[in-house]
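Heads up, the thing below is written out as C-alpha cells.
The values are calculated or read from the model by the stated rules, or taken from the named source; none is laboratory data. Keep in mind that this is a model prediction, so the values were computed, not measured. All Cβ positions, even for glycine, are placed from backbone atoms using ideal geometry, and neighbour counts span all protein chains on display.
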Amino acid sequence: MNSKTVATTAISSILALGVLTLSTAHAVPELPTAWEKCAGIAKAGKNDCGALNGSHHCAGQAKTDNDANEWVYVPKGTCEKITGGVVKAVKPAKK
C-alpha cells in the first residue's frame, strides 16, 4: 500500500464512524422528567417493589410473568407503548 491509499482509507474510516455516530445519537431518549409505575409487564422475579394487591412488599418477588399486580418503573410515556402495560402512578424524576 502506498501512503495515498493509507490516507484515503483512514479518512474514509473516520467519516464512516462520524456518520454512524450521528445516526445512532437520536436513538437514545432524553433523560426522563418523570417515571411511571407500569403494571402487567414485569417478568417473574424482576418487579420493582411490592405488589399492587399487597400480596408481597418487596422487589423481585413476582411469581409469574406479566402479572397485573406486579410493576416496574419506566420513563413517563413508555408504559402505554408496551403491550399489556397499564400506568398505575407517575412520579417526578430526581434531578
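Quick test for you: out of Glu70, Glu36, pick the one residue that is in contact with a helix residue (DSSP H, G or I) (Cβ under 6 Å, 6 or more places away or on another chain) and modelled with pLDDT of 80 or more. If you could, list the steps in order and put the result at the bottom.
On the way: Glu70 fails: in contact with a helix residue (DSSP H, G or I) (Cβ under 6 Å, 6 or more places away or on another chain).
From the options Glu70, Glu36, the qualifying one is Glu36.
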Seminar exercise, completed: Pairing a residue in region 64-88 that is in contact (Cβ under 8 Å) with a residue 24 or more places away in the chain with any residue that is exposed (fewer than 14 other Cβ atoms within 10 Å of the Cβ) and in a helix (DSSP H, G or I), where Cβ atoms lie under 8 Å and the two sit 6 or more apart in sequence or on different chains, gives Val87/Glu80
Exercise. For Gly84, which of the numbered conditions (1) touching a Phe, Trp or Tyr at 6+ places or on another chain (Cβ under 7 Å); (2) at positive phi fails to hold?
Worked result: (1)
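Restricting to region 49-74, count the residues that are among the β-branched types (Val, Ile, Thr) and in a loop (DSSP other than H, G, I, E, B). Lay out the reasoning, then the answer.
Our first condition is that a residue be among the β-branched types (Val, Ile, Thr); within region 49-74, this holds for 64, 72, 74.
With the extra rule that they be in a loop (DSSP other than H, G, I, E, B), the set shrinks to 64.
So the answer is 1.
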